[in-house]
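Computed from the coordinates by the stated procedures, all read-outs in this text should not be read as laboratory data. For clarity, every value in this text was computed on a predicted model and none was experimentally measured. Heads up, the Cβs are rebuilt from the backbone with ideal geometry, glycines too, and the neighbour counts pull from every protein chain shown.
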Amino acid sequence: MSKWVLAALPVAMLGWACAANAASINAMVRTPDGIPVEDAAVVLNPASGMPRPALRRATIEQRDREFQPYLTIVTKGTAIDFPNRDPFKHHVYSFSPPNVFEIKLYADKPAKPILFDKSGEVVLGCNIHDWMEAHVLVVETPWFAKSGADGSATIKHLPAGAYRLRLWHPRQRAVVADVKVELKSTDAQHFDMTIDVAPRAVVKKPPPDAGGY
Ligand SMILES: [Cu+2]
């Protein structure tokens, strides 16, 4: 929209235009050696006045004797479904306070989702399949993204304002200091970020025909 058109708009419309959530950030996450890091959480916490997030629903599948996805980021108050897509039972648990829970041996979809109403880091396991591992990061803010295989994570539709940018990974070797971010209404800011991540422990799973296990 050109400047003279904007100037012709009534004041009420301008107010709306200023309030639009038009800023975005993109983070490129790499190891100190420059290798792209997948499954990093990029989280934007407003410096003041956390908005009330809309209630959400998420899904973590058990498929081919693995959790999918490996990392799920949710806003506090999200209910997560744990559908079992395998032809045998799983037994999902978390020992991570304060989000401790257990879904005892089950097939198909459990009747109720699990409510994640406390922020924090949650490790998921399965009592039957030792190698199964997944993570949930429960955050306060509605603004977050997960890096893809290329190490890139983008958060869109951000209101202008001051934020703290948090970088986290389930296998990080050290805590990364938050970065202060100041966003104007139409900013698209880029951040090159570094995090040292341990390799995923390889726990060998038995062949798929091992008696339904
Ligand atoms: Cu299992």
(request) For the stretch 23-107, just say rounded, prolate or oblate: build the C-alpha gyration tensor, square-root its eigenvalues into a ≥ b ≥ c, call rounded for a/c under 1.5, and beyond that prolate if a/b exceeds b/c, oblate if not. (result) oblate
(request) Might you report the magnitude of the Cβ-based charge dipole of the chain about its Cα centre, with Lys and Arg at +1 and Asp and Glu at -1, to the nearest 20 debye? (result) 460 debye
(message) Report for the stretch 21-194 the percent antiparallel among DSSP-assigned beta bridges with both residues inside it, nearest 5.
(response) 70 percent
(request) Would you please give the FRET efficiency between residue 107 and residue 52, computed as 1/(1 + (r/R0)^6) with r the Cβ-Cβ distance and R0 = 45 Å, to the nearest 0.05? (result) 0.75
(message) What FRET efficiency comes out for residue 95 versus residue 190 if R0 is 35 angstrom and r is the Cβ-Cβ distance? Round to the nearest 0.05.
(response) 0.40
(request) Run a plain Debye calculation on the chain (Cα atoms as equal point scatterers, no solvent) and give log10 I(q)/I(0) at q = 0.09 Å⁻¹, rounded to two decimals, same order as the q list. (result) -0.44
(message) Here is the link list: 76/146; 89/205; 112/146. Which ones come out longer than 21 Å on Cα distance?
(response) 112/146
(request) Rounded to the nearest 500, what is the 222 nm mean residue ellipticity of the chain from helices alone, with -39500 (n - 2.57) per DSSP H run of 4+ residues and division by all residues? (result) -2000 deg cm²/dmol
(message) Among 50, 193, 28, which one shows the highest mean-square fluctuation when the chain is modelled as a Gaussian network with alpha-carbon springs under 10 Å?
(response) 50
